[in-house]
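A.B. asks: Pasting a structure here, questions to come.
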Amino acid sequence: MIRNMLVYAVLLLGCLAPVTASAQADSDPITQTELITSSAMLAPGESGWLGLRMRFRDDWHSYWQNPGDSGIPTTIAWDAPSYVTIGPIHWPVPERVDFSGLVNFGYHHEVILLAPISVAEDAPKEAFTVHAKANWLVCKDICIPEGSEHTIELNAPHASSSAKDSTDIQTTLKQLPAPYKGEMHFQYNDRTVEAVIALPDTKRIRSAHFYPITPGIIENAPLPMWEQYDGALHFTLQRGSGTMGETMQAVVHATFADGSVFIWHVALPHQSAPLPTADKAGASLTFIQAIIMALIGGLILNAMPCVLPILALKVLAISKKAEHAPAAVRIQGLAYTLGVLVSFATLAAILIAIQQAGTAVGWGFQLQSPIFVAVLVYILFLVGLNLSGAFTLPSLMGNVGNRITQQDNLVGSFMTGVLAAIVATPCTAPFMAPAIGVALAQPPVLALLIFLSLGLGLALPYLLISFVPALRGWLPKPGAWMERFKQLLAFPMYAAAAWLLWVLSLQAGDLALAWTLAGLIFTGFIVWWIVATQSRFTVLLLILALFAGLTFSVLQLPNEPAARSAAADAMYEPFSMDALEQYRAEGKPVFVNATAAWCITCKVNERVALNRESTQQIFDAMGVTLLKADWTSQDEEITTFLASFERNGVPLYVYYPADGGSPQVLPQLLTQEIVREALQNKS
């Protein structure tokens, strides 16, 4: 809300300057208006409609009664005799308007704003005039406040209404929401709002839209998620910063599969009892359960290929000094743990702050930035070179390599913990996604505790070995083999860097890949020069040159990833809510694979389960439509889809059975048998 207010304030300041310039450059207003009536003759006791017709230039828009993230609704001040009553504006269904990153509700092209007019029973039988003074804000690249005044005479002998005006008013009346009298309610927590509206019949819905009338209670940018089951229409919305009352008013606009449309004005009462929701893994987790699942997920992260070499070297380093310096081993175990926890706390704080600012993000959001991916490539490459013995430069990146095996200072242990946390970010281990989903629905302090539990799980194996002598007894004896083993562990780092280069090429294209490869070649050259020179001053200059060169190459990359390609592989269609809604309205079974190129778990699941020929035969036999929600780059629609299942990261696998059954969330680790059972049990 604060972000929206600041942007809106800047918007309004920008509105003031262009008005005069625009008027000087073009005397014609942006909006053409006229006052129309459904009938030019209104006898005492009769009623009708007045309408302000507004026609806008191409790509300009005005605003609905709830303008959204910015804007001002149109106002009309009426002046009429005392025996004439004119009601408030009746607003047609608006459209979503994406304006400079904000989402507003308003109208393009043409709109008629209607107001009811009635004449008292004891009114004199004479002509009278109605005066209207309208003001509105119209926006495109800039916003311009405009206004107009109109007078219309009714009951005059020469007065007549246009047939076109009467027809247009009747058409507009069909676009007005009708009060809904059926059963409905809503429930909310700190993060989401769920609205349930009982349907009058069992017809399948093709599309549904939710427009909140009260500003601020719903975040407007995320697309509302909807599902139809149990005879009701269920909306999942992201909660805004406004105060929730006992009733939530909104306009619901839905289209059925047969083409029929309903437009309802709903006043949903608050219901504290749990809503009937879809099968959402993690939705019923308690805070304590989330803490435990985060701890387990952190433990599993140690087995990931990026993290395992770091942990292995740390553990082997213990075997060198465990007997003669146990106290030093314990202290360095604490320093390593502190480095991991500080890193996870920092990442959590950034993630929570972005969420609080109203932007929908999730675990792995940093990997959606090509710049971050390129930096991670350089880090992994340098670590690989260090493990290979190409250089033994102290202090950089926490004394990785030589200092990892020696560990003579606490800074090295701390920075190695930081490095372990950084290289773990592309991974989503089992149990992590539900725990993180719960975390981001909690107040910031509780969310931070869940993230710290995740970090503690990552640090726990090394911490336990540091403090428990019995565990150290299982470690192999130190010897010359350790140097060869250290060099062997460089290759997972090179493999991870190569994999991230592939991710970068998908995100930002060939030019970004070329710049990053040039940076890697430059890195190799500088490392060679550093090893060849004996001058400390030259080494310092080369380190500065390396930093400057890599910074330059990174700055050549786009900060935002390239747009998601509309193309999909042969197995999948690209995901969109429109596609999902269409297939569900047709009664077809749908399987949604929410994945990302940088998600290791996703790629393993596709390799061992989803992409197997036998699994594809099951999909084909059951007529299942496969949709791929590719989250490699930031995609607001996919982020909203994940949030509707209380997930903040990938993978997520959802099966929608035929004929509108409730969706089923599959586990994060898949096998062919798990997929087969899910399809057969829900078919």
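A.B. asks: Of the conditions (1) part of a loop (DSSP other than H, G, I, E, B); (2) hydrophobic (A, V, I, L, M, F, W, C); (3) within 23 Å of Pro224 (Cβ to Cβ), Val111 fails just one. Which one is it?
C.D. replies: (1)
A.B. asks: Conditions: (1) buried (at least 19 other Cβ atoms within 10 Å of the Cβ); (2) in a strand (DSSP E or B); (3) over 31 Å from the mean Cα position of the chain (by Cα). Ala123 meets all but one. Number of the miss?
C.D. replies: (2)
A.B. asks: Yes or no: Ala278 outside the structural domain of Pro663 (by the TED database), loosely packed, with under 15 Cβ neighbours inside 10 Å and modelled with pLDDT under 85? Can you show your working first?
C.D. replies: Details: outside the structural domain of Pro663 (by the TED database): yes; loosely packed, with under 15 Cβ neighbours inside 10 Å: no; modelled with pLDDT under 85: yes.
For Ala278, the condition - outside the structural domain of Pro663 (by the TED database), loosely packed, with under 15 Cβ neighbours inside 10 Å and modelled with pLDDT under 85 - is not met.
A.B. asks: Kindly indicate the residue of the stretch 161-207 that is loosely packed, with under 11 Cβ neighbours inside 10 Å and more than 40 Å from the chain's Cα centre (by Cα) and also modelled with the highest pLDDT among those meeting that condition.
C.D. replies: Looking at the filtered set, the residue picked out is Lys164.
A.B. asks: A further question follows. Kindly indicate the residue of the stretch 414-449 that is of a type in the set (Val, Ile, Thr), in contact with a Gly (Cβ under 9 Å, 6 or more places away or on another chain) and closer than 30 Å to Gly384 by Cα and also modelled with the lowest pLDDT among those meeting that condition.
C.D. replies: Thr428
A.B. asks: With respect to the numbered conditions (1) closer than 28 Å to Gln238 by Cβ; (2) assigned to a loop (DSSP other than H, G, I, E, B); (3) modelled with pLDDT of 95 or more, which one is the sole condition not fulfilled by Ser70?
C.D. replies: (3)
The values are calculated or read from the model by the stated rules, or taken from the named source; none is laboratory data. Remember, predicted model here, so these are calculated numbers, not experimental data. Please note: Cβ atoms are built from the backbone with ideal geometry, for glycine as well, and neighbour counts cover all protein chains shown.
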